[in-house]
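**Student:** Below you will find the structure I want to go over with you.
Laboratory data are not the source of any read-out in this text; all were calculated from the coordinates shown. Predicted, not measured: the structure shown is a model, and the values here were computed from it. FYI the Cβ positions are ideal-geometry reconstructions off the backbone, even for glycines, and counts take in every protein chain you see.
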Amino acid sequence: MEVLDTFLDAVGDTPLVRLRSVSRGVQPTVLAKLEMLNPGGSVKDRIGLRMIEAAERDGRLQPGGTIVEPTSGNTGHGLAIAAAVRGYRCIFVMPDKMSQEKISLLRAYGAEVVICPTAVPPESPESYYRVADRLTEEIPGAFQPNQYKNPENPAAHYATTGPEIWRQTDGRIDVFVAGVGTGGTITGAARFLKERKPDVLIVGADPEGSIYSGDVHPYLTEGIGEDFWPTTFDPGLVDRYVRVTDRDAFRMARRITREEGILVGSSSGTAVVAALAVASELPEDATIVVILPDTGRNYLSKAYSDTWLIQYGLMERPEMVRVEEVLTAKRGEVPPLVTVNAHDKVRQAIDVLQEFGISQAPVVREPGMDVAQFVGAVHEKALLDRIFRDPDALQADVAEVMGPPIGMVEFDAPVELAFETLQQGPAVLVEKAGQVLGVLTRSDLLEFLAHRSRV
């Protein structure tokens, strides 16, 4: 029988696949190593068990102990799987830019998650590095694998990732491309490959904002890049860096998913952008291997959310819809604007609402469309409440029972502004050059959006 002893035995031996669509326009063969096929969904599975086993051997981790690790998420998943199999408690400390999916996954394994601010220097007591250090010191029996300093990190890739690539390409690899985070993947794999082929080109794919290839500033790509130099990284092994913007990284990740059918995150997008930049300079007989470090399932609320990408300026907003377009698209026999006079009686106002089948109407001081005439509004619910308690209110002037005026938006304002106003009330007036053109209700906007989505 072909049976694994534990889930941990499924780590490694991930396949290479030829990128055909996103690599159009470049001559070399571009091969992607699919690290999302590891048990925990990322390349970091390779280092989790190895760091734990080393700590067990030298006595730093005892039975029933606690693992504390600062992580962007993926290393935590690898450690959490190993800890679940070996029976350890886990506490992971993460920066607040990480996706909710990563946090939820760690908790699903029974781990505790502590969130720290991203926009602080590494030496700050609030940084996720320092918080992890403090917890390690305070908790009895705690052990911090510390992927940023642990030599087992690059050693794992020297022992597995590098040999796999060499075997899978039959030694015909010319360029190796990987994102640089802790540096373990690129250091371990590159060291193995260069020992066998010294002229293999090692390319570090680096987010714009990381310390490795330029000025440090915040960026949105997760899992790669750093704001300090980990000791697990040997920069002497990297022949070249390619600096990649968040925008290009996220766009490429979505292209890989939609054109190659491989669901990946922005760090994979970064790596492929870098690989294609190098490929554009090389001949047809060159072979490039690029690491796709994890699955895009960790980033559905970010990389695959148009709203999130638009919010952070990583995607263009769709063509703007103006309020007037929604007003023009209104259907039905109700006039664009039905008003009630402030000097009418409440009974007359109710008749108007019933005649047109509407639940609210603006109140005007004198008939007309000038915005200055709009002094209030009547609402079916408020009128019912008033009359039920005081039937004599039917004979009162509308001015005595009306509520505040309905909010207004300009005719050429984006529909988002009307939407925001409709969160505060059931209707909004549309004005142009001091004149009210009509009224939009929540129902009008809902009908417009539903009709527009079918076009």
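**Student:** Between 0 and 90 degrees, rounded to the nearest ten: what's the tilt of helix 128-138 against the longest Cα principal axis of the chain?
**Tutor:** Helix 128-138 sits roughly 70 degrees off the main axis of the chain.
**Student:** With +1 assigned to the C-beta of every Lys and Arg and -1 to the C-beta of every Asp and Glu, and no other charges, what is the dipole magnitude of the chain about the Cα centre in debye, to the nearest 20?
**Tutor:** Dipole size: approximately 1000 debye.
**Student:** Can you list the aspartates and glutamates whose alpha carbon sits under 16 Å from that of Lys302, skipping same-chain ones fewer than 8 residues off?
**Tutor:** Qualifying aspartates and glutamates at Cα under 16 Å: Asp96, Glu101, Glu222, Asp246, Asp248, Asp294, Glu316.
**Student:** Another question, if that's okay. Can you spot the lysines whose alpha carbon is less than 22 Å from Lys197's alpha carbon? Ignore those fewer than 8 places along the same chain.
**Tutor:** By straight Cα distance, Lys197 reaches Lys33.
**Student:** Further question: Lys and Arg at +1, Asp and Glu at -1: add these up for the other residues within a Cβ distance under 15 Å of Glu431 and post the number.
**Tutor:** Counting the neighbours of Glu431, the net charge comes to -2.
**Student:** Let me ask you something else. With axes computed from alpha carbons, what is the tilt in degrees of helix 346-356 against the longest principal axis of the chain, rounded to the nearest 10 within 0 to 90?
**Tutor:** Tilt relative to the chain: about 60 degrees.
**Student:** Something else: Remind me, relative contact order of region 316-395 in percent, using alpha carbon pairs under 8 angstrom and six or more residues apart?
**Tutor:** Rounded, it is 25 percent for region 316-395.
**Student:** While we're on this one: By a straight-distance test (C-alpha under 14 Å), which aspartates and glutamates pair with Lys330 as possible cross-link partners, with residues fewer than eight away in the same chain excluded?
**Tutor:** Hits, sequence-local ones excluded: Asp444, Glu447.
**Student:** Within region 251-343, which GluC sites (Glu not before Pro) sit in a loop by DSSP and count at most 16 neighbouring Cβ atoms inside 10 Å?
**Tutor:** Here the GluC sites (Glu not before Pro) that fit, given the DSSP loop and packing criteria, are Glu281, Glu284, Glu316, Glu319, Glu333.
**Student:** Right, something else. Once you sort the root eigenvalues of the Cα gyration tensor of region 45-143 as a ≥ b ≥ c, which label holds: rounded (a/c under 1.5), prolate (a/b larger than b/c) or oblate (the other case)?
**Tutor:** Oblate.
**Student:** If you don't mind, there's one more thing I want to ask. Fewest to most neighbouring Cβ within 10 Å: what's the order for His217, His379, His343?
**Tutor:** Lowest count first: His217, His343, His379.
**Student:** So what is the relative contact order for region 45-143, in percent, with contacts set as C-alpha pairs under 8 Å and at least six apart?
**Tutor:** Relative contact order for region 45-143 comes out at 29 percent.
**Student:** Moving on to the next point. Starting from the amide H of Arg240, placed 1.01 Å from N in the peptide plane, find each other amide H under 5 Å away whose residue is 5 or more places distant or on another chain.
**Tutor:** Those lying under 5 Å, H to H, from Arg240 are Ile202, Gly204.
**Student:** Oh, and also: For region 279-421, what's the relative contact order in percent, using C-alpha pairs closer than 8 Å and at least 6 residues apart?
**Tutor:** For region 279-421, the relative contact order is 24 percent.
**Student:** Moving on. Name the residue from Leu394, Pro336, Val364 whose Cα lies farthest towards the positive end of the charge dipole of the chain, charges +1 on Cβ of Lys and Arg and -1 on Cβ of Asp and Glu.
**Tutor:** Farthest towards the positive end: Pro336.
**Student:** Something else about it: Which shape class applies to the chain: rounded if a/c is under 1.5, otherwise prolate when a/b exceeds b/c and oblate if not, where a ≥ b ≥ c are the square roots of the Cα gyration tensor eigenvalues?
**Tutor:** prolate
**Student:** Same structure again: In degrees between 0 and 90, to the nearest 10, how far off the longest principal axis of the chain does helix 74-86 point, with axes built from Cα atoms?
**Tutor:** Approximately 70 degrees, to the nearest ten.
**Student:** In what order do Met402, Met320 fall by count of nearby beta-carbon atoms within 10 Å, going from fewest to most?
**Tutor:** Final ranking by Cβ density, sparse to dense: Met320, Met402.
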